[in-house]
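A short worksheet on the structure shown next.
The values are calculated or read from the model by the stated rules, or taken from the named source; none is laboratory data. All values reported here derive from a predicted model rather than from experimental measurement. Please note: Cβ atoms are built from the backbone with ideal geometry, for glycine as well, and neighbour counts cover all protein chains shown. Calculation scope for accessible area: heavy atoms of the full protein, side chains included, ligands and nucleic acids excluded. Shrake-Rupley method; radii C 1.70, N 1.55, O 1.52, S 1.80 Å.
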Amino acid sequence: MSKIIVNLAKAAALLVGVPAVALFVYDTIAVRPHLAEIESVLAKANPEDASPPEIIRDFIDANTESPAPHATHLVTSLVYSDLSQGQWHLRNALWGVLLPIHFDKSQMYGLYSVLSYNGIDHGLSNFASREYGKSLSQLSPLQAATVVAIPHAPT
């Protein structure tokens, strides 16, 4: 009986350990080399995009439940521009697990806001300025909802 338990423990360790090690290796090889570039995007961004006001965050949550999946997709398309469909899905899935480990939720809102395409260029604050002549923090609730909805159908 104890031999069965030992073998089950070994199997469980392998089932958990191998994927964890593989994820760590992938993080070290594929994600970490790009962290400075991603942080630079946030550092160079309009301050209201890098850290969107609470009303914008609330509408992002209402629109997408969380900024992380969309921000991850935007970051992977920034980092990798020439992937095939199969590579794209796998890489996006791996980055979806790893990017939130490196960036907190506030930074994920920032990445969403900075990198979202708005029909002409990128950034929610650029759209707000162009369409309403206001910063993100000055928008009415209806205007803020429109600004957040635009990246889903910018044309």
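Where in the chain are the DSSP H helices whose alpha-carbon span along the long axis reaches 30 Å or more and whose Kyte-Doolittle mean is at least 1.6? It would help to have the intermediate numbers written out before the result.
Details: long enough: 2-26 (36 Å, 1.74).
Helices passing the filter in the chain: 2-26.
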At 1.4 Å probe radius, can you tell me the per residue accessible area of the chain in Å²?
57
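Taking 35 Å as R0, compute the FRET efficiency from the Cβ-Cβ separation of Ser40 and Val18 and round it to 0.05. Write out the running numbers ahead of the final one.
Values: r = 34 Å, r/R0 = 0.97.
Calculated value: 0.55.
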Can you give the extra length, in nm with one decimal, that the chain gains between Arg32 and Tyr80 once fully stretched, where that is 0.36 nm per residue apart less the Cα-Cα distance?
15.9 nm
Take Ser106 and Val25, extend 7 Å from each Cα along the Cα→Cβ direction, and tell me the distance between the two endpoints in nm.
3.6
Enclosed volume per residue, in Å³, of the convex hull spanned by Cα atoms of the stretch 81-155:
110
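Quick one: ranking Glu65, Glu37, Glu54 by accessible area, 1.4 Å probe, largest first, what do you get?
Glu65, Glu54, Glu37
Expressed in nm to one decimal, what extension gain is obtained for the pair Glu65 and Leu8 from 0.36 nm per residue of sequence separation less their Cα-Cα distance? Mind dumping the intermediate values first?
Working: separation 57, 0.36 × 57 = 20.52 nm, distance 3.81 nm.
Going from the current span to full extension adds 16.7 nm.
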Ranked order, Arg32, Arg91, Arg57 - accessible area, probe 1.4 Å, largest first
Arg32, Arg91, Arg57
Once label points are set 7 Å from the Cα along Cα→Cβ at both His89 and Arg130, what is their separation, rounded to one decimal in nm?
3.3
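Over all directions, the average projected area of the alpha-carbon convex hull for the chain comes to how many nm²? All intermediate terms of the calculation are to be shown ahead of the outcome.
Working: hull surface 46.6 nm².
Averaged projected area of the chain's Cα convex hull equals 11.6 nm².
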Spatial separation of Cα centroids for the stretch 89-140 and the stretch 28-45, in angstrom:
15
7 Å from Cα along Cα→Cβ at both Ile120 and Ser140: what's the point-to-point distance in nm?
2.2
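Given a 1.4 angstrom probe, I'd like the percentage of the accessible area of the stretch 9-103 that is carbon and sulfur, rounded to a whole number.
Working: 3520 of 5470 Å².
That fraction is 64 percent.
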What residues have an amide H closer than 5 Å to that of Lys134, excluding those fewer than 5 places away on the same chain, when H is modeled at 1.01 Å from N in the peptide plane?
Ser129
